[in-house]
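Since every read-out is calculated from the coordinates, none of them should be taken as a lab result. Everything numeric in this text was worked out from a predicted model, so none of it was measured. FYI the Cβ positions are ideal-geometry reconstructions off the backbone, even for glycines, and counts take in every protein chain you see.
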Amino acid sequence: MYVECFGKGPTGIFLDDGGKTMNGWGGRDMNESMIRMMELSQQGFCCSQILVMLGLEAQGKADPDLVRAMGGLCGGIGYSGKNCGALTGAVCLLSMYVGRGAPEEHEVRFGRMMIDELVQWFDDDYGTKYGSVDCNSILENDPMNRISRCPQLVYEAYEKVTEILEKNGLSLEGRMEEE
């Protein structure tokens with residue numbers, strides 16, 4: 001089953017409710033991260049791409065190849081409705097900081113435990129709420145639910161990655177090598 005990615009179209013899914021909050025944000029006041037997510041969504045990027053782009057921007061980097069590759073996770077892995085792109089994108093974002101990217105690099109200590117913490121959190125919060133972590137389940141097979149659900153999932157996943165990094169002495173601004 002094909003799942004439409006929330007970033008598609010001229011307005012994405014981050015729709016203004018006429019004030020300080022945005023539909024899908026759970027009534028939260030807007031902050032810089034939310035505004036940037038909205039801008040990227042309106043440019044046609046999906047949840048997995050948005051998360052990695054935020055990480056790249058925090059590091060002062062751009063990597064169009066990586067962003068294109070992240071497009072394979074859109075709409076629940078290739079628009080199949082499988083694993084949610086907010087989850088897979090957040091795991092990739094966290095891996096940018098704790099994973100190994102070259103032969104001379106080492107995985108950050110406890111990196112796999114950090115990734116497991118992220119996955120467990122997402123499963124406990126959203127898997128329990130919607131019956132699984134698949135896009136189809138989260139959206140209840142109704143593409144219109146992406147307007148009210150996806151922004152909050154993407155934002156909360158981004159915040160959880162930030163929290164996990166900070167708790168382990170790392171930050172979004174750069175990958176810190178182990179000594």
Cut-off under 5 Å, modelled amide H: who pairs with N83 long-range = C135
Under the Karplus relation 6.51 cos²θ - 1.76 cosθ + 1.60, θ = phi - 60°, what is the ordered set of whole-Hz ³J(HN,Hα) values for region 48-62, x standing for Gly and Pro?
-> 5, 5, 4, 4, 5, 4, 5, x, 4, 5, 4, 8, x, 10, 9
Which loop GluC sites (Glu not before Pro) in region 24-121, with loop taken from DSSP, have no more than 16 other Cβ atoms within 10 angstrom of their Cβ?
-> E104, E105, E107
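Using the scaling law 2.2 N^0.38 Å as the reference, what is the normalised Cα Rg of region 32-167? Walk me through the numbers before you get to the answer.
On the way: Rg = 14.3 Å, N = 136, 2.2 N^0.38 = 14.2 Å.
Dividing the Cα radius of gyration by 2.2 N^0.38 Å gives 1.01.
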Report the relative contact order of region 32-167, percent, no decimals, based on alpha-carbon pairs under 8 angstrom and at least 6 residues apart.
-> 24 percent
